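The values are calculated or read from the model by the stated rules, or taken from the named source; none is laboratory data. Model, not experiment: these values are computed from the prediction. Note that each Cβ is placed from the backbone with ideal geometry, even for glycine, and that neighbours are counted across all protein chains shown.
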Amino acid sequence: MMEKPKDWVFSDPRLQDLKQEYDQYTPEDFKVWKILFERQMPNLPKAASKAYLEGVEKVGFTANEIANFEELNQILEKTTGWAVQVVPGLIDDDLFFGLLNNKRFPSSTWLRKMSQLDYLEEPDMFHDAFAHMPLLTNQPYVDFLEKLSGIALKHIEDPWAIQLLSRIYWFTIEFGLIREDGELKIYGAGILSSAGETKFSLSNEPAHYPYDVRRILNQEYWKDKFQDKYFVIESYEQLYESLPEIQEVLVEMVGSGK
């Protein structure tokens, strides 16, 4: 099979020239953003990674203004060269990893309703923007994201390989913890957008393990409740430096069928 050019995603019809229609946000949308922002942000100065908190400052997120992707992209371009790409919602694996491999973070533009403040089956743009985008200003973090996606694209036609790699993504980008100055801090977006899991993940209730590629690739996860275990990195550089091991153990596990 002929390999696709790296930038094939930019002409993919599934994106359909989507963009954020900022003037279409309703007063309820702004109220939802404000409630969620003000409910979670006060928890994070003591709980979140320094890189996330610095990222919030860089991107300029506030309670009163829904994240503006056009303004955000100008900031990201100057910091790490990344940008936000609007998508219709959950997308196929090839497009998801293809965008990330081209330094484009996929994001929806819809916000949950007031009746959905505490639970959503599908991530909305508050999760995508508030939780994910500040860390797009951190170079080692986005380098890891880009190269991990490159590995995924090499195995995109193997569902088992993609399932295994989803565990790496889950226990790092979505639910990862980092040790800073001897204390556990949060960098995973799934935690950063959840007031409940922010408190829970840093408590003594769940297990905390050192970042371990092989263990993570063998670790299943669930989406409908708090995790019972979290993996802790020592730096974002550690994530990037683990990429060769991810590739090696993945090939081993795919080859053995385990």
By residue number, the members of the range 181-198 that are among the polar types (S, T, N, Q) and assigned to a loop (DSSP other than H, G, I, E, B) are S193, S194
For the range 191-206, what are the residues that are of a type in the set (D, E, K, R) and either without any contact (Cβ under 8 Å) to a residue 24 or more places away in the chain or in contact with a Cys (Cβ under 6 Å, 6 or more places away or on another chain) (or both)? E205
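If we scan the range 172-190, do we find a residue that is surrounded by fewer than 14 Cβ atoms within 10 Å (Cβ to Cβ) and in contact (Cβ under 8 Å) with a residue 60 or more places away in the chain? Even if it seems obvious, please write down each step before you answer.
Initially, the range 172-190 is screened for residues surrounded by fewer than 14 Cβ atoms within 10 Å (Cβ to Cβ), giving 181-183.
Cutting the leftovers down to in contact (Cβ under 8 Å) with a residue 60 or more places away in the chain gives us none.
No.
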Taking only the range 65-118 into account, find how many residues are in contact (Cβ under 8 Å) with a residue 60 or more places away in the chain, within 26 Å of G150 (Cβ to Cβ) and charged (D, E, K, R). 4
Just checking, does the range 117-137 include any residue being more than 28 Å from K225 (Cβ to Cβ), at pLDDT 95 or above and among the β-branched types (V, I, T)? yes
Total residues in the range 48-79, condition more than 17 Å from the chain's Cα centre (by Cα) and either buried (at least 21 other Cβ atoms within 10 Å of the Cβ) or within 16 Å of I186 (Cβ to Cβ) (or both): 1
Residues of the range 74-92 being out of contact with any Pro (no Cβ under 9 Å at 6 or more places or on another chain), on the phi < 0 side of the Ramachandran plot and at pLDDT 95 or above, in sequence order, are Q74, I75, L76, E77, K78, T79, T80, W82, A83
Applying the selection to the range 97-113, what residues are aromatic (F, W, Y), out of contact with any Phe, Trp or Tyr (no Cβ under 7 Å at 6 or more places or on another chain) and crowded, with 21+ Cβ neighbours inside 10 Å? F97
So which residues in the range 136-167 are in contact (Cβ under 8 Å) with a residue 60 or more places away in the chain and outside any helix (DSSP H, G or I), if there are any at all? N138, H155, I156, D158
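Among the residues of the range 30-47 satisfying the criterion of being within 15 Å of Q116 (Cα to Cα) and not basic (K, R), which is surrounded by the most Cβ atoms within 10 Å (Cβ to Cβ)? Outline the logic, then answer.
Residues of the range 30-47 within 15 Å of Q116 (Cα to Cα): 30-37, 39.
Subsequent filtering for residues that are not basic (K, R) retains 30, 32-33, 35-37.
On the way: F30: 15, V32: 21, W33: 24, I35: 14, L36: 21, F37: 19.
Among residues in the range 30-47 that are within 15 Å of Q116 (Cα to Cα) and not basic (K, R), the one surrounded by the most Cβ atoms within 10 Å (Cβ to Cβ) is W33.
Looking at the range 191-207, which of its residues are touching a strand residue (DSSP E or B) at 6+ places or on another chain (Cβ under 7 Å) and surrounded by 15 or more Cβ atoms within 10 Å (Cβ to Cβ)?
At the first step, the residues of the range 191-207 found to be touching a strand residue (DSSP E or B) at 6+ places or on another chain (Cβ under 7 Å) are 192, 198, 201-202, 206-207.
Once the filter is applied, which keeps residues that are touching a strand residue (DSSP E or B) at 6+ places or on another chain (Cβ under 7 Å) and surrounded by 15 or more Cβ atoms within 10 Å (Cβ to Cβ), the range 191-207 yields L192, T198, S201, L202, P206.
I'd like to know if the range 102-113 contains one or more residues that are assigned to a helix (DSSP H, G or I) and of a type in the set (S, T, N, Q). Let's see the steps before the verdict.
At the first step, the residues of the range 102-113 found to be assigned to a helix (DSSP H, G or I) are none.
Checked against the condition, which is being assigned to a helix (DSSP H, G or I) and of a type in the set (S, T, N, Q), the range 102-113 yields no hits at all.
Got a sec? Which helices (runs of 4 or more DSSP H) wholly within the range 210-258 have at least 1 residues that are at pLDDT below 95 and surrounded by 13 or more Cβ atoms within 10 Å (Cβ to Cβ)? Quick ask: steps written out before the conclusion?
Values: elements: 213-217, 236-241, 243-256.
Helices (runs of 4 or more DSSP H) meeting the threshold: 243-256.
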All but one of (1) buried (at least 21 other Cβ atoms within 10 Å of the Cβ); (2) over 15 Å from N102 (Cβ atoms) hold for A152, so report the exception by its number. (2)
Which of the residues spanning the range 77-97 are in contact with a strand residue (DSSP E or B) (Cβ under 9 Å, 6 or more places away or on another chain) and either hydroxyl-bearing (S, T, Y) or not in a helix (DSSP H, G or I) (or both)? W82, A83, V84, Q85, V86, V87, I91
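Tell me the residue from Y169, Y187 that is farther than 23 Å from D118 by Cα and of a type in the set (F, W, Y), please.
Details: Y187 fails: farther than 23 Å from D118 by Cα.
The match here is Y169.
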